[in-house]
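The structure appears right after this line, and notes come after that.
The values are calculated or read from the model by the stated rules, or taken from the named source; none is laboratory data. Note that the coordinates shown come from a computational prediction; the quantities given were computed from them, not determined experimentally. Neighbour counts are summed over all protein chains in view; Cβ atoms, including those assigned to glycine, are modelled from backbone coordinates with ideal geometry.
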Amino acid sequence: MDRPLKFSRREKLGIFGLALVIFSLLLLSYIAPASDISMPHTADSASLAWLTLGTNETKYDTEEAGVSADRSDNKSEYSNFDPNALGIDGFEQLGFSHKQSEVIVNYRGQYGPFRSKADFGKIYVVRDEKFAELEPYIQIDESRYSIEINAATAEELQSLKGIGPKLADRIIKYRKKLGGFFSVDQLKEVYGLAPETIDGISNELYVDTGLIELKNINLANQSDLESHPYFDFAVTALILKERNKHKLIDLNFLQPNTTPETIEKMLHYIEFE
């Protein structure tokens, strides 16, 4: 009968050490290639700055902010243009990046047409150097864009194509309920005003947001809040409940019961002091 195989203590330690070395080499060969893989760069605040598009921001270097800088190598190709008549493609042909062109068109759509060269130059994606190049070629008929919708009379509104006495009256009544328009796009909320009619007259209108009547959210009573189109019964109840706890400094507490879009609209009509 064969005798069982036995190892001395020294032999056992040698076998264990060899096994440990083999295991280490296998593990190293498995993980080593991963160290050659470059990790993706994390986005910093500058590379995401173009997402915080607003009309009151200070101009900044758009290239640093993640928006491709405008291309100024086609200066000799400039010709007269109306910035109120160009689309995204038109602004790209002037040397603006696609994102910059979107900003310009979206701004114009929300706040109305550019009534002067200076208005166009105020947009923060239009750098001062670029504006200086384009200014001699900008052609705007300033007399065409003369109706400010927060102060317009019924007669002035009726001078617009497709706006008769009834629609003019509805615009003024809705304007009063709102406390003023902050965007030409809000005309879409006026009952009976067709989208094609708005498209046809939007280039003749502009908005002075300084004429908007603000409500003090910490002092306004229930009926005053509920009378506004953006503050229904449920929203008003939440505001009054929260206001009983502490002074309001924002409307974040309305989420998720109210959409961010509606809250953004509300902020145009309230003040906290």
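Of all the residues that make up segment 152-201, how many are touching a Ser or Thr at 6+ places or on another chain (Cβ under 9 Å) and either farther than 27 Å from D82 by Cβ or assigned to a helix (DSSP H, G or I) (or both)?
9
Looking only at residues that are within 14 Å of L267 (Cβ to Cβ) and of a type in the set (A, V, I, L, M, F, W, C) in segment 226-255, which one is nearest to the chain's Cα centre (by Cα)?
L251
Would you pick out the residues in segment 256-271 that are under 18 Å from the mean Cα position of the chain (by Cα) and of a type in the set (V, I, T)?
T259, T262, I263
With the checklist (1) over 16 Å from D250 (Cβ atoms); (2) touching a residue at least 12 places away in the same chain (Cβ under 8 Å) in hand, flag the one item K215 doesn't pass.
(1)
Does segment 127-151 hold any residues that are in a loop (DSSP other than H, G, I, E, B) and either in contact (Cβ under 8 Å) with a residue 24 or more places away in the chain or among the basic types (K, R) (or both), and which are they?
Residues satisfying the conditions are R127, Q139, I140, D141, E142, R144, Y145, S146, I149, N150, A151.
For residues in segment 78-98 being part of a helix (DSSP H, G or I) and hydrophobic (A, V, I, L, M, F, W, C), which is farthest from D141 (Cα to Cα)?
Filtering segment 78-98 for residues that are part of a helix (DSSP H, G or I) and hydrophobic (A, V, I, L, M, F, W, C), the one farthest from D141 (Cα to Cα) comes out as I88.
Of (1) surrounded by 14 or more Cβ atoms within 10 Å (Cβ to Cβ); (2) part of a loop (DSSP other than H, G, I, E, B); (3) not assigned by TED's automatic domain parsing to the domain that holds G95, L219 satisfies all except one. Which?
Single failed check for L219: (1).
Please work out which residue is surrounded by the fewest Cβ atoms within 10 Å (Cβ to Cβ), limiting yourself to segment 186-205 and to residues that are touching a helix residue (DSSP H, G or I) at 6+ places or on another chain (Cβ under 6 Å) and of a type in the set (V, I, T).
It comes out as V190.
Please go through segment 157-183 and give me each residue that is without any contact (Cβ under 8 Å) to a residue 24 or more places away in the chain, buried (at least 16 other Cβ atoms within 10 Å of the Cβ) and over 18 Å from I201 (Cα atoms), ordered by number.
Selection gives nothing.
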